[in-house]
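S.K.: Right, I'll just put the structure down here and ask away after.
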Amino acid sequence: MNIKAIDTRGFWKVNKDYKVSRVKVDGAEIIIIDDFLVNPERVRDFILDAPAPMWKHKEGGYNFKKYYDCRNSIALHHREFFEIEGAIRKEAGKAVYFAKTPNYCRDDVVITNIFQNIKGNPHDGIPIPHEDGRIQGGLLYLNHDDEVQFKTGTAFYKSKFNGIANTNKLGKLEKRAVDDFTLNSGIEEDGYDYYLHDWKKFWEPAGFIQSKFNRLLMWPGDIYHGAYHGSEDFVDYPRVNQCFFLEDDSKRRYDDY
Ligand SMILES: [Fe+2]
């Protein structure tokens, strides 16, 4: 048996002619970069060729029963990401960087999301809204445009607890209060069910960005967000994307209050 060696040079080459647009959600800037990579098909093939290990799950939960929620993390030499890191910094206008691996060996990690329904999209549920803390989030859509419906992409939400989508606006105690509300309501993302069924009791829409092949969506991770699926999506084929969680030193940390 031979090693399955993959020459990744050029996979993450950034297209110099990408197109940028910006929208605001609750005061936070959302950046959309279209035609982001030169070779998105190679990245898509790389992700789809890799094993897709089960991701978030909980005892008795629905992963691998009603859907496959999988994530792969592949360490690459950080040189592969120079151009991506540079483009994200330039467009975000701030110092963000890929987190170092714990041993500081300066690999960066390709994080991929692979998701597919086994039983179809629930008619009354949405992928659970959540926030990812004070990082710079990024997501590269890698589904072909003819694979997905018009209403497929990433949605942003306001909590009905306080009318806030952008938790960076909150002080420490205000943030703790909304976190307690989320936890006590049983609507946090805990791996039991990918979908939240009675979501309109807790959330209202605050924005939506459509999935588009080779589109990079960037947002501050502390805005409530979630994937959004068209009703017919991801039944006969997976949702595929690459996601980024970049450290953002420009953000206040809770200890700074
Ligand atoms: Fe997220």
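None of the figures in this text is laboratory data; all of them are computed from the coordinates on show. These numbers were taken from a predicted model, which means no experiment stands behind them. We place every Cβ from the backbone using ideal geometry, glycine too, and count neighbours over all the protein chains shown.
S.K.: Cβ under 12 Å from Gly61's Cβ, Gly61 left aside: what net charge do those residues give with Lys, Arg +1 and Asp, Glu -1? Don't jump to the answer; show the numbers that get you there.
M.R.: Working: positive: Lys56, Lys58, Lys65, Lys66; negative: Glu59, Asp69, Glu189, Asp190, Asp193.
That sum, taken over residues with Cβ under 12 Å, equals -1.
S.K.: Relative contact order (percent) for segment 19-250, with alpha-carbon contacts under 8 angstrom and 6 or more residues of separation? Walk me through the intermediate numbers first.
M.R.: Values: 482 pairs, mean separation 82.3, N = 232.
After rounding, I find 35 percent.
S.K.: Cut-off 10 angstrom, C-alpha nodes, Gaussian network model of the chain. Which of Pro129, Pro53, Pro40 fluctuates the most?
M.R.: Most flexible of the set in this elastic network: Pro53.
S.K.: Ok, one more. Over the Cα atoms of segment 19-250, compute the convex hull volume and normalise it per residue, giving Å³. Intermediate results must be reported in sequence, preceding the final value.
M.R.: Details: hull volume 31.3 nm³, N = 232.
Enclosed volume per residue, from the Cα hull, is 135 Å³.
S.K.: Which order do the peptides 86-94, 131-139, 16-24, 203-211 take when ranked by the mean count of other beta-carbon atoms within 10 Å per residue, highest first? Spell out each step's value before the answer.
M.R.: Details: 86-94: 15.7, 131-139: 20.7, 16-24: 11.4, 203-211: 18.8.
Order by mean packing, descending: 131-139, 203-211, 86-94, 16-24.
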